[in-house]
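Engineer: Can you read through this structure? Questions will come right after.
The values are calculated or read from the model by the stated rules, or taken from the named source; none is laboratory data. These figures come from a predicted structure and were not determined experimentally. With ideal geometry, Cβ positions are generated from the backbone for all residues, glycine too; neighbour counts draw on all protein chains shown. Note: accessible area is taken over every heavy atom of the protein model, side chains too, but ligands, DNA and RNA are not part of it. Shrake-Rupley method; radii C 1.70, N 1.55, O 1.52, S 1.80 Å.
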Amino acid sequence: MKNNLRRDLTQFESPGSTYVSKTQTTKTASNAQSRIDTLFDANSFVELDKDKTHSCHNFDMQKKVIAGDGVIIGYGLIDGRKAFAYAQDRRVMGGSISKEHAEKICKIMDMAMKVGAPIIGLLDSGGARIQGGVHSLAGYGEIFKRNVRASGVVPQISCILGTCAGGAVYSPALTDFTLMVQDSSCMFVTGPKIVKEVTHEDVSQETLGGATMHHEESGIACLATQSDADCIAQAKALLAYFPNNHSESAPSLSTQDPCQRSTHELDRLLPQHANQAYDIREIIKVIADDHQFFELHGRFAQNIVVGFAHFSGQATAIIANQPQHLAGCLDINASVKAARFIRFCDAFNISIVSLVDVPGFLPGSHQESRGIIKHGAQLLYAYSEATVPKITLVLRKAYGGAYIVMASKHLDADINLALPSAEIAVMGAEAAAQILYKPG
């Protein structure tokens, strides 16, 4: 698959075979259509299989036939670049997945992988259509399989634009980035009513699976946006940092910001005292082109910062310890967050800049019992495995195992730099003195 990417869109101009029920079909002006229009450049979207309907006759379903079966699929241009997408319509049986609904999504995913272009899902689904039985579940299995096969081949972005439940939540979790909308989108395996019946826990939909929870606690949502339109706009902005597929280089932009410019602001922003906190985002914005930084997962595992910027116009990934939170220590969530981000960047040829100011791994029985060793090793593995250019800058301190893990020269970082006042050691001077010179 990876070596056989076909880029000619004309082969997909025909909508192909469709199923049209003998029952009168009804076309709806769907909210999904307006979302598609917002996502794609004007007049560039080509819809496929728009007359396809479900074939279920259980529970009088033959009387509930709507053209398109609750999902719009197709391709077009996003900021001038080819992309494929699907958008679910909750007004058609709750956006539920039938066999044919799933077939449409699978078709557009297969096409995206053949052409070598990103896949964007605009999700708003209550899960598997009960009337379809096991055929609906099988449809989900086919979608999940394609999510996995597309991983590392073409970028995948999921926008949660409503309440997604049951099987509808696993596909977003398999994609590269998931965006949600504050106060309107939710994701959960089991809804509040069933949770109360089974566990007697009385929990609201927002608390159970809202954008805030997934952005701050579970880490599933990389962004929590203000509206549907904002969510789609952020997805488009994020897409601009990626190549179309794994075989292309990361995109670059023209910039008037010279790469040779001095950054005297660092003298003011970096505190003299090693234990004084500061916001690493300010450092990133000083060194990035035009002072622009696109942060992801900003409210989850805040002791490490990840996101995208440009250097000399080249799209670049940034991973940085955040002294403002937990002193920049690495813990389980920070390790998982950074490791997954590194593996995405490595798959899509995006260079990595690491800004290091880390006192070590977060100590404590809570971290140990939950597997800090295992999860910390994931970060080490990701950095070691990555073959994209890696540049590391030690800003203040890099101690112990955390020094090794944070893209050290021993993990084959290409260039390792340190500011004149930086410290690299097994541990801080005071802690070392207590061990080396303790009485008796």
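Engineer: Could you pull out the pairs from K337/K374; K64/K196; K64/K99 whose alpha carbons sit more than 21 Å apart here? All intermediate terms of the calculation are to be shown ahead of the outcome.
Structural biologist: Details: K337/K374 14 Å; K64/K196 32 Å; K64/K99 15 Å.
Among K337/K374; K64/K196; K64/K99, the Cα-Cα distance tops 21 Å for K64/K196.
Engineer: Express in whole angstrom the spacing between the alpha-carbon centres of region 158-191 and region 299-370.
Structural biologist: Each part reduced to its Cα centre gives a spacing of 24 Å.
Engineer: When only C-alpha pairs under 8 Å and at least 6 residues apart count, what is the relative contact order of the chain, in percent?
Structural biologist: Details: 915 pairs, mean separation 39.3, N = 440.
For the chain, the relative contact order is 9 percent.
Engineer: Let me ask you something else. Work out the charge dipole of the chain with +1 on the Cβ of Lys and Arg and -1 on the Cβ of Asp and Glu about the Cα centre, then indicate which of Q256, L269, A102 is farthest towards its positive end.
Structural biologist: A102
Engineer: Please turn the phi angles of region 207-222 into ³J(HN,Hα) values with the Karplus equation 6.51 cos²θ - 1.76 cosθ + 1.60 (θ = phi - 60°), one per residue in order, whole Hz, x for glycine and proline.
Structural biologist: 5, 5, x, x, 4, 4, 4, 6, 7, 9, 10, 7, x, 5, 8, 7
Engineer: Another question about this same structure. When the helix-only estimate is applied to the chain (DSSP H runs of n ≥ 4, each -39,500 (n - 2.57), divided by the residue count), what is the mean residue ellipticity at 222 nm, nearest 500 deg cm²/dmol?
Structural biologist: Working: 14 runs with 135 residues, N = 440.
-9000 deg cm²/dmol, from helical runs alone.
Engineer: Another question, then. Taking the Cα centre of region 218-355 as origin, sum charge times position over the Cβ atoms of Lys and Arg (+1) and Asp and Glu (-1), and report the length of that vector in debye to the nearest 20.
Structural biologist: Details: 9 positive and 13 negative charges, 52 e Å.
Computed charge dipole of region 218-355: roughly 260 debye.
Engineer: Now for a separate question. If the chain between D290 and A233 were fully stretched, how many nm would it gain, using 0.36 nm times the residue separation less the Cα-Cα distance? Show your work: numbers first, answer last.
Structural biologist: Details: separation 57, 0.36 × 57 = 20.52 nm, distance 2.01 nm.
Stretched out fully, the D290 to A233 stretch lengthens by 18.5 nm.
Engineer: With a 1.4 Å probe and every protein chain left in place, work out the accessible area per residue of region 115-237 in Å², rounded to a whole number. Intermediate results must be reported in sequence, preceding the final value.
Structural biologist: Numbers: 4730 Å² over 123 residues.
Per-residue accessible area for region 115-237 comes out at 38 Å².
Engineer: Same structure again: Under 17 Å Cα to Cα from K82, which aspartates and glutamates show up? Leave out anything in the same chain fewer than 8 places away.
Structural biologist: D8, E13, D37, D41, E47, D110, E248
Engineer: Go ahead and set up a Gaussian network model of the chain, Cα springs under 10 Å, then flag whichever of G400, G76, G127 fluctuates most.
Structural biologist: G400
Engineer: So how much slack lies between N43 and M427, counting 0.36 nm per residue of separation and subtracting their Cα-Cα distance, in nm? Could the numbers behind the result be given before it?
Structural biologist: Working: separation 384, 0.36 × 384 = 138.24 nm, distance 5.99 nm.
Extra length from N43 to M427 when fully extended: 132.3 nm.
Engineer: Hey, can you find the accessible area per residue of region 249-366 for me, probe 1.4 Å, expressed in square angstrom? Numbers along the way, then the final one.
Structural biologist: On the way: 5080 Å² over 118 residues.
Solvent-accessible surface per residue comes out at 43 Å².
Engineer: Taking R0 as 45 Å, what's the FRET efficiency between E142 and K438 from their Cβ-Cβ distance, rounded to 0.05? Can you show the working numbers first?
Structural biologist: On the way: r = 63 Å, r/R0 = 1.40.
About 0.10, to the nearest 0.05.
Engineer: Further, regarding this structure: Running a GNM on the chain with Cα contacts under 10 Å, which residue among Q156, Q234, Q131 ends up with the highest mean-square fluctuation?
Structural biologist: Q131
Engineer: Ok, one more. Give the residue list of trypsin sites (Lys or Arg not before Pro) in region 360-403 that are DSSP loop and have at most 14 other beta-carbon atoms within 10 angstrom. Numbers along the way, then the final one.
Structural biologist: Values: sites: R370, K374, K390, R396, K397; in loops: R370.
Sparse-neighbourhood loop trypsin sites (Lys or Arg not before Pro): R370.
Engineer: Report the gain in length on full extension from K50 to Q256: 0.36 nm times residue separation, minus Cα-Cα distance, nm rounded to one decimal. Walk me through the numbers on the way to the answer.
Structural biologist: Values: separation 206, 0.36 × 206 = 74.16 nm, distance 4.50 nm.
This chain segment gains 69.7 nm when fully extended.
Engineer: If the elastic network links every pair of Cα atoms under 10 Å, which of Q205, Q276, Q324 fluctuates the most in the Gaussian network model of the chain?
Structural biologist: Looking only at Q205, Q276, Q324, the largest GNM fluctuation is found for Q276.
Engineer: Shifting gears a bit: With everything on Cα atoms, drop me the angle between helix 228-239 and the longest principal axis of the chain, reported from 0 to 90° to the nearest 10.
Structural biologist: Rounded to the nearest ten degrees, it is 60.
Engineer: Next up: Spin-label point model (7 Å from Cα, Cβ direction): what's the E385 to D202 distance in nm?
Structural biologist: If labels sit at E385 and D202, their model points lie 4.6 nm apart.
Engineer: With a 1.4 Å probe and all protein chains left in place, how much of the accessible area of the chain comes from carbon and sulfur atoms, in whole percent? Write out the running numbers ahead of the final one.
Structural biologist: Working: 10830 of 20190 Å².
Ligands and nucleic acids excluded, carbon and sulfur reach 54 percent.
Engineer: Output the peptides 198-204, 403-409 sorted from most to least packed, where packing is the average of other Cβ atoms within 10 Å over each peptide's residues. Write out the running numbers ahead of the final one.
Structural biologist: Values: 198-204: 9.9, 403-409: 22.1.
Packing proxy ranking, top to bottom: 403-409, 198-204.
Engineer: Of the listed peptides 133-144, 260-271, what is their order by residue-averaged count of other C-beta atoms within 10 Å, with the highest listed first? Numbers along the way, then the final one.
Structural biologist: Values: 133-144: 16.6, 260-271: 10.8.
In decreasing order of mean packing, 133-144, 260-271 become 133-144, 260-271.
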